[in-house]
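The values are calculated or read from the model by the stated rules, or taken from the named source; none is laboratory data. Given the structure is predicted, the values throughout are model-derived calculations rather than measurements. Methodologically, a virtual Cβ is constructed for each residue, glycine included, from the backbone with ideal geometry; neighbour enumeration extends over all protein chains shown. All accessible areas refer to the heavy atoms of the entire protein, side chains included, with ligands and DNA or RNA removed. Shrake-Rupley method; radii C 1.70, N 1.55, O 1.52, S 1.80 Å.
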Amino acid sequence: MFAAERRNVILEILKDKKRITVKELSQMLNVSEATLRSDLSQMEKKGLLTRTHGGAVLDSPIKAENTFSAREKKNKESKIAIAKKAMSLIHDKNCIFLDASTTALEIARLLKEENIRLTVLTNGISTAIELRDNPPAITVILLGGGMLRNGSMALEGPFGTSILNQIHVDILFTSARGFTVEEGLTDFSVYEVELKKVIVNKVEKVVAIVDHTKIGDNSIASFASVEDIDLFISDEDINQDLKEVFEKNHVQFMKS
């Protein structure tokens with residue numbers, strides 16, 4: 001089991017039990033206590049849980065800085081620049097998917113000003129609301145459903161993904177909580193990750209819209225490997241090592 005998958009399982013166990021000891025986790029997962037202590041420390045740094053003597057507890061209230069409204073204000077100029085670059089990929093009669101990220105929301109705000117025929121699928125409530133008053137040339141389909149997390153504006157879970165079998169989606173524009181070469185694109189919510197995995201496998205092109213602060217960081221679970229990404233847009237240039245990885249995996253890079 002990879003580290004991201006193991007931490008995903010730990011988070012699920014904590015959601016059920018609220019409190020767990022390292023010894024219990026070791027017996028349940030058949031993993032050494034030293035490895036699990038390292039996992040819990042990393043998860044605590046990301047604000048996913050709180051370490052206790054011998055174990056961990058789940059943080060119930062979502063931290064204010066992790067709410068959608070707080071994230072929307074963070075690095076806003078970078079997100080707008082990325083959104084403008086992403087707009088160059090969208091053409092008349094396209095069908096696109098915008099995830100529930102604050103960067104995708106900036107794309108929706110730009111689309112409002114365009115005279116373009118488009119179908120937009122999204123699991124982002126804010127994105128759908130942003131586009132609702134657009135001229136009728138843009139058709140908006142809100143995908144997902146069944147779960148709305150505290151502090152989130154995303155409909156999560158695989159409910160409603162059957163529509164993807166009926167519609168050809170040209171481009172997925174997706175951000176992430178983090179990106180590393182090893183883990184690819186990662187996110188905090190295991191439910192949104194499951195939805196994104198389905199979408200990544202269905203669309204024609206996967207475009208990562210990730211600002212520079214998230215490169216080199218990762219979150220609880222991966223939804224797309226480097227090999228899954230077709231184009232990567234960021235607001236700052238990347239180092240030579242990452243450029244070589246992208247070239248090796250046929251990932252196009254665009255700086256906003």
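Brief remarks follow.
- Scanning residues 5 or more positions from residue 55 or on other chains, those with amide H under 5 Å from its amide H are 22, with H placed 1.01 Å from N in the peptide plane.
- The magnitude of the dipole of segment 3-47, with charges of +1 and -1 set on the Cβ of Lys/Arg and Asp/Glu and taken from the Cα centre, is near 180 debye.
- GNM top mover of 123, 201, 165 - the chain, alpha-carbon springs below 10 Å: 165
- Heavy-atom accessible surface of segment 152-256: percent carbon and sulfur, 1.4 Å: 45
- Summing Cβ point charges (Lys, Arg +1; Asp, Glu -1) relative to the Cα centre of segment 191-255 gives a dipole of roughly 220 debye.
- Neighbourhood charge, 12 Å Cβ-Cβ cut-off, centred on residue 248 and excluding it, Lys, Arg +1 and Asp, Glu -1: -3
- Expected-Rg normalisation [2.2 N^0.38 Å, Cα atoms] applied to the chain: 1.03
- Simple Cβ-charge dipole of the chain, Lys/Arg +1 and Asp/Glu -1, about Cα centre, in debye nearest 20: 680
- In the context of the full set of protein chains, the chain has a per residue accessible area of 48 Å² (1.4 Å probe).
- DSSP bridge orientation in the chain - percent antiparallel, rounded to nearest 5: 40
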